Every structure is written in structure tokens, then in C-alpha cells.
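Derivation of every value follows stated rules applied to the coordinates shown; laboratory data play no part. Predicted model, so just to flag it, every value in this text is computed and none were measured. Because the Cβ atoms are built from the backbone with ideal geometry, glycine has one as well, and the counts that use them run over all protein chains shown.
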Amino acid sequence: MIGGTHRADTERVTPVSERRFGEWIAVRRHDDGHVAELVLDRPKAMNAVSTEMGRLIGEATAALAADRDVRVVVLTSTHERAFCVGADLKERNSFTDADLVRQRPHARACYTGVLELPMPTIAAVHGFALGGGYELALSCDVIVADRTAVVGLPEVSVGVIPGGGGTQLLPRRVGAARAAELIFSARRVEAPEAKELGLIDQLVDEGQDRTEALALASRMARNSPVGLRAAKRALRLGHGLDLRAGLEVEDSAWRSVAFSGDRAEGVAAFNEKRPPNWPGE
């Protein structure tokens, strides 16, 4: 059993294996290894992202990005009342300016590591997901949250700005004006309003965020790993482009899968009325 305080649903979804990255990060494998659960496990600090924890997240995401067996990643937390409360402000309280400069590359690698994972990613959120914690969730493709979730980017209330992608990712979700209101006011948004505003994607019963996120990941992982990665690439690279440029991005992604083994297997399995056995190439 990982860490300190656990979610009620933690043991109801049994991993097939687990790998630790230092003290605070684990990667669990499910569905024959096709679903990877990236676990935030620093319960004594409510998963506050210290320099070391950020480094470990970067290390874990680099390993996941290179693993061709992984089709979907789910980001979870072991803490009962928090997904992640953001940057470790207790650590930063002792920082000199030079310390903060030295930390920045590790912080960026942490958030971009999640953002740039080549396979679909799902955040399973409960309790507090604030500042950098919400930015980790925003770095995922889909956010599943339970009714205890409280999200927000309150950085301006402590004299900084969202620096883990929040100023760029939030307006892409909810529009520039809504993002400005939320960031400038530093307000925390509870789950029902967060769902209404588009800050989260799925709202589930209390204690079910991990279970539902892993179930969604399992459904995604039945599909072609080549197709999943190409679709994500097209979605990410095409976002914000004009239509003509976006269609060129889509065409490039289509060409990368059209002549793949997965495409041949998918068509054959459909015609033979059987489940596909994806070669993943």
C-alpha cells in the first residue's frame, strides 16, 4: 500500500505492477500494462510540489513517454483531501532569488512532462487542486473530478502568476475572459460550478474519481495505440490554427497511421468480427 492516507477506492482497482520514482511518485500498471497510473504520493504535504517532487514527476513522465506499451496515463493522488495543493510554499519561503532560478528548470520539466506525454492523459481529481496542482490537471487531456473537488489558480494572491502553464491552458479551456476573471480574482471554484464553467470535464460521485478515470482509460486503451497518439498529436498541434493549417496538421497525422500495422489490423478485425490485436506500429 502506497503512502499515508488513501482514497476509499484505491484498493478496488488492483494494479498489475508498480515502480517507484523516489519517495513521492509511483507508476502503477493496469490492463496488461496498457494503462499507467502516475501517482502523486506525498501525503504529509498534501502533494505540494517541491523541487525534488517536481524532478521526480519529470523523471517519471520521461519514462512513460518512452514506453510504447503505455496507451493511456491516469494522474492520481493518494491523499484523502487533496489532489495537489500546488507549489511547496514552505520550501520556497527559505529560497533566495538564486534558489528560485535554479528550481525553475525542474518546475518546468515537471509540468511540461505531463503536458507533452504522447498518449492520452486523464487527471483524477478530488479535494484541493490549486495552483500548480490544478496546472497538473490542466496538462492532461481530460479531467475527471468528484464532488469534493475545489480547483483554482490563486497564484496572484501570493505575489506570483501561474507558472506551470495555467495562463495558457486555462483560456484554451474556458476562453480568455473567463480565464482572466478566475486568475485575476484568485478564487477557488467548487466542483459543480467547475463542471458548469468547463474547468473539469466529468463530475462523478464522491470517492469515485480514480475508479471512473481508470475505467475511462481502460476504454480508451482498447483502441489503436498508434491511432491514439496520432489523434492526440493532431488535436494538440492543430489547436488555435486557422482551419486550413489545422487540416494540414490532421492530414500529416492521418498519413502517419494510414500505412501502419494498426490500420491493417483494425480493418481486418472489423471485417472478421473479432477484437483487434494491435501491433502498435
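Each of A62, A36, T51 was scored by the projection of its Cα onto the charge dipole of segment 33-105, and the greatest displacement toward the positive side belongs to T51; charges sit on the C-beta of Lys, Arg, Asp and Glu. With R₀ set to 41 Å, the beta-carbon distance separating L100 from R274 gives a calculated FRET efficiency near 0.15. Each stretch of four or more DSSP H residues adds -39500 (n - 2.57); spread over every residue of the chain, this sum gives -13500 deg cm²/dmol at 222 nm. On C-alpha positions alone, give me the angle between the axis of helix 97-115 and the longest principal axis of the chain, in degrees, nearest 10. Once rounded, one gets 30 degrees. What the phi angles of segment 24-36 give under the Karplus curve with 6.51, -1.76 and 1.60, with θ = phi - 60°, is a coupling list of 10, 10, 10, 10, 9, 10, 10, 6, 6, x, 7, 10, 10 Hz, glycine and proline written as x.
Sequentially through segment 137-146, phi angles give Karplus couplings (6.51, -1.76, 1.60; θ = phi - 60°) of 5, 4, 6, 8, 6, 9, 10, 9, 10, 8 Hz, Gly and Pro residues having no value and appearing as x.
For L40, nonlocal amide neighbours, meaning residues 5 or more places apart or on other chains whose placed amide H falls under 5 Å from its own, are T76, S77, T78.
Residue separation of R19 and E59 scaled by 0.36 nm, minus their Cα-Cα distance, works out to 13.2 nm of gained length. With the simple spin-label model, which puts each label point 7 Å out from Cα in the Cβ direction, the N93 to A177 separation comes to 4.0 nm.
Using only side-chain charges placed at the Cβ, +1 for Lys and Arg and -1 for Asp and Glu, the dipole size of segment 168-244 relative to its Cα centre rounds to 620 debye.
Taking amide H as placed 1.01 Å from N in the peptide plane, the amide H of V150 sits under 5 Å from that of G127, F128, A129, each at least 5 places away or on another chain. Partners of K90 within straight-line reach, counting lysines whose Cα lies under 25 Å from its Cα and excluding those fewer than 8 residues away in the same chain: K44.
Full extension from F259 to D31: what is 0.36 nm times the residue separation minus their Cα-Cα distance, to one decimal in nm?
Numbers: separation 228, 0.36 × 228 = 82.08 nm, distance 2.67 nm.
Using 0.36 nm per residue and subtracting the Cα-Cα distance, I get 79.4 nm.
Approximating the spin labels as points 7 Å out from Cα along Cα→Cβ, the Q168-to-E281 distance works out to 3.4 nm. Just want the answer: with Cβ charges of +1 for Lys and Arg and -1 for Asp and Glu, which residue in V101, L243, V174 is farthest toward the dipole's positive end in the chain? Result: L243. For chymotrypsin sites (Phe, Trp or Tyr not before Pro), the sites in segment 13-114 that DSSP calls loop and that have at most 14 other Cβ atoms within 10 Å are F95. Taken about its Cα centre, the chain carries a charge dipole of about 240 debye when Lys and Arg each add +1 at the Cβ and Asp and Glu each add -1 at the Cβ.
Under 5 Å between amide hydrogens, built in the peptide plane, is the criterion, and for F21 it picks out A26, V27 among residues at least 5 positions away or on other chains.
If both residues of a DSSP beta bridge must be in segment 96-249, then about 15% of such bridges are antiparallel. Residue by residue, segment 244-260 carries 3J(HN,Hα) couplings of 4, 5, x, 5, 5, 4, 4, 4, 4, 5, 4, 5, 6, 10, 4, 10, 8 Hz when phi is fed to the Karplus relation 6.51 cos²θ - 1.76 cosθ + 1.60 (θ = phi - 60°); x denotes Gly or Pro. With the simple spin-label model, which puts each label point 7 Å out from Cα in the Cβ direction, the R233 to D69 separation comes to 2.3 nm.
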